[in-house]
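Q: Can you keep this structure in mind? I'll have questions shortly.
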Amino acid sequence: MGSCFSVRIKAESPLHNDVNSTYGNKEGNDLSSTSSKASPVSVPTTPRTEGEILQSSNLRSFSFNELKTATRNFRPDSVLGEGGFGCVFKGWIDERLFTAAKPGTGMVIAVKRLNQEGFQGHQEWLAEINYLGQLHHPNLVKLVGYCLEDDHRLLVYEFMARGSLENHLFRRSSYVQPLSWSHRMKIALGAAKGIAFLHSDKVQVIYRDVKSSNILLDSNYNVKLSDFGLAKDGPTGDKSHVSTRVMGTYGYAAPEYMATGHLTSKSDVYSFGVVLLEILSGKRAMDKNRPGREHNLVNWAKPYLTSKRKVFEVFDARIQGQYSFSAALKAANLANQCLSVEPKFRPNMVEVVRILEQLHDSNDVGCSQNEHHRISTRKSTGSGPNSKHRRMSADEACNEKATSYPRPSTSRLHI
Ligand SMILES: Nc1ncnc2c1ncn2[C@@H]1O[C@H](COP(=O)(O)OP(=O)(O)O)[C@@H](O)[C@H]1O
Ligand SMILES: [Mg+2]
């Protein structure tokens, strides 16, 4: 694992909290609007003050010592992952009492610990509690509780056994089994459903940080979106967009958002297109280790996506033969639409879900002889099954400790 000190430059508050809000608990006024709705799907009622957010009835407030015990003193070998906010540790709690439990007993949790001080870190911590404390959906990670004590800011989630999509797509080791095409389609669909829920009329939240490291997988490859630190309420009334400081991750953020700070749900659609491209290609959105013209995955891949002859150039060589030509074209076309420069030409997430459902349900897998030939004679990408960069199987990935590698982190995107 890395040092756990990557820097995430903080954003403005995505909350409707009072401007005077500072560290520490604050009493809210009207709690009548904060009751959480029944699972599996519920929607938020905003705005809320910090006090209201922290009093969400379904969240447990943990002491720092409880989480220290639950994670065995934040043991470095229990690090599950690391983002801009801080490190995420594996821990155990009693499932009824929610007190620290012996490792291997009770309920497994993931504990995210903010590693930076300051107002913005606090705001992102609060944003996650605000959204995940209210939003309940099968494709969103469950927040169990939080800790607010002195300078400590932590979040406690359900544990996701297979970690992040990023780990599965890009982690390299000698025992690699790539994610299958059908798992890739299942994951793309699950992520799309989660985002579609956020964009739905009754929720209207813009996620703002769609990327493979924020897409978590349970033991059956079911997707749950995590990391709501940058989420923001969508435009209301007759407004077409929300104006924000530009936040997100290079390689994923939509071009018009980077240029203007105007945020819409179509910004998420673009970022989803980037993730879909990562899923299809097995390549990172940004990778300076690739040849110059391939640094930025979208710039490199886009010309191929609409070409029947060249579309396979984009596809991950490690899963060749697992999908049909028509499925490949359909998936490539969907990615291309999501990545339209003009937001209005991007589909909405409901349409994206519809197309991915067809791809996921399709039995039309495998390639014809011709297609096989076409695929197998294409130029090697250097990441084929025999390459030294083979990936580990999902099980192996789960069992292996997180490793450190260059990865994109969320930051303020300078325009
Ligand atoms: N609930 C969880 N279960 C398992 N692993 C997790 C969980 N939450 C986060 N992780 C791991 O930690 C990484 C960072 O988590 P994330 O919430 O994205 O943090 P940040 O806000 O710092 O970006 C994820 O990419 C994933 O590998
Ligand atoms: Mg993250």
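Q: Applying the selection to the stretch 64-94, what residues are surrounded by 14 or more Cβ atoms within 10 Å (Cβ to Cβ), in a loop (DSSP other than H, G, I, E, B) and away from ligand 1 (no atom under 14 Å from the Cβ)?
A: Residues satisfying the conditions are ARG72, ASP94.
Q: Determine which member of the set ARG318, ARG245, ARG293 is charged (D, E, K, R) and not in a helix (DSSP H, G or I).
A: Being charged (D, E, K, R) and not in a helix (DSSP H, G or I) holds for just one of ARG318, ARG245, ARG293, which is ARG245.
Quick grid of which residues meet (1) near ligand 1 (Cβ under 9 Å from one of its atoms); (2) in a strand (DSSP E or B):
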{"position": "VAL144", "(1), (2)": "no, yes"}
{"position": "ARG153", "(1), (2)": "no, yes"}
{"position": "TYR157", "(1), (2)": "yes, yes"}
{"position": "ALA161", "(1), (2)": "yes, no"}
{"position": "SER182", "(1), (2)": "no, no"}
{"position": "MET185", "(1), (2)": "no, no"}
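Q: When the residues of the stretch 212-229 are narrowed to those that are aliphatic (A, V, I, L, M) and out of contact with any helix residue (DSSP H, G or I) (no Cβ under 6 Å at 6 or more places or on another chain), which ends up farthest from ligand 2 (Cβ to nearest atom)?
A: So, considering only residues that are aliphatic (A, V, I, L, M) and out of contact with any helix residue (DSSP H, G or I) (no Cβ under 6 Å at 6 or more places or on another chain), the one farthest from ligand 2 (Cβ to nearest atom) is LEU217.
Q: A follow-up question, please. Please indicate, with yes or no, whether at least one residue in the stretch 95-117 is hydroxyl-bearing (Ser, Thr, Tyr) and either over 22 Å from ASN65 (Cβ atoms) or not in a loop (DSSP other than H, G, I, E, B) (or both).
A: Scanning the stretch 95-117, I find no residue that is hydroxyl-bearing (Ser, Thr, Tyr) and either over 22 Å from ASN65 (Cβ atoms) or not in a loop (DSSP other than H, G, I, E, B) (or both), so the answer is no.
Q: Next question. Condition test on TYR207, is it touching a helix residue (DSSP H, G or I) at 6+ places or on another chain (Cβ under 6 Å), at negative phi and of a type in the set (Ser, Thr, Tyr)?
A: So TYR207 fits the description; yes.
Q: May I ask you to verify whether PHE98 is without any contact (Cβ under 8 Å) to a residue 60 or more places away in the chain and surrounded by 15 or more Cβ atoms within 10 Å (Cβ to Cβ)?
A: Answer is yes for this residue.
Q: Using the structure shown, decide if ARG309 is in a loop (DSSP other than H, G, I, E, B), in the same structural domain as PRO178 (by TED's automatic domain parsing), at pLDDT 95 or above and of a type outside the set (A, V, I, L, M).
A: no
Q: Could you go through the stretch 57-79 and let me know if any residue there is without any contact (Cβ under 8 Å) to a residue 40 or more places away in the chain and in contact with an Asp or Glu (Cβ under 8 Å, 6 or more places away or on another chain).
A: Taking every residue of the stretch 57-79 in turn, none turns out to be without any contact (Cβ under 8 Å) to a residue 40 or more places away in the chain and in contact with an Asp or Glu (Cβ under 8 Å, 6 or more places away or on another chain).
Q: Can you name every residue in the stretch 50-63 that is out of contact with any Phe, Trp or Tyr (no Cβ under 8 Å at 6 or more places or on another chain) and in a helix (DSSP H, G or I)?
A: Hits for the stretch 50-63 are GLU50, GLY51, GLU52, ILE53.
Q: Could you run through the stretch 226-266 and say how many residues are among the hydroxyl-bearing types (Ser, Thr, Tyr), out of contact with any His (no Cβ under 9 Å at 6 or more places or on another chain) and either within 15 Å of ligand 1 (Cβ to nearest atom) or touching a residue at least 40 places away in the same chain (Cβ under 8 Å) (or both)?
A: Of the residues in the stretch 226-266, 4 are among the hydroxyl-bearing types (Ser, Thr, Tyr), out of contact with any His (no Cβ under 9 Å at 6 or more places or on another chain) and either within 15 Å of ligand 1 (Cβ to nearest atom) or touching a residue at least 40 places away in the same chain (Cβ under 8 Å) (or both).
Q: Checking GLN134 against (1) within 15 Å of ligand 1 (Cβ to nearest atom); (2) of a type in the set (S, T, N, Q); (3) at pLDDT below 95, which test does it fail?
A: (1)
Q: Further question on the same structure: Could you say which residue among SER281, SER243, SER267 is surrounded by fewer than 18 Cβ atoms within 10 Å (Cβ to Cβ), in the same structural domain as CYS338 (by TED's automatic domain parsing) and not aliphatic (A, V, I, L, M)?
A: SER243
Q: Among the residues that make up the stretch 263-285, is at least one of them within 16 Å of ligand 2 (Cβ to nearest atom), part of a helix (DSSP H, G or I) and of a type in the set (S, T, N, Q)?
A: yes
The values are calculated or read from the model by the stated rules, or taken from the named source; none is laboratory data. Just so it is clear, the structure is predicted and the values come from calculations on it, not from any experiment. No Cβ is skipped: glycine too gets one built from the backbone with ideal geometry, and neighbour counts run over all protein chains shown.
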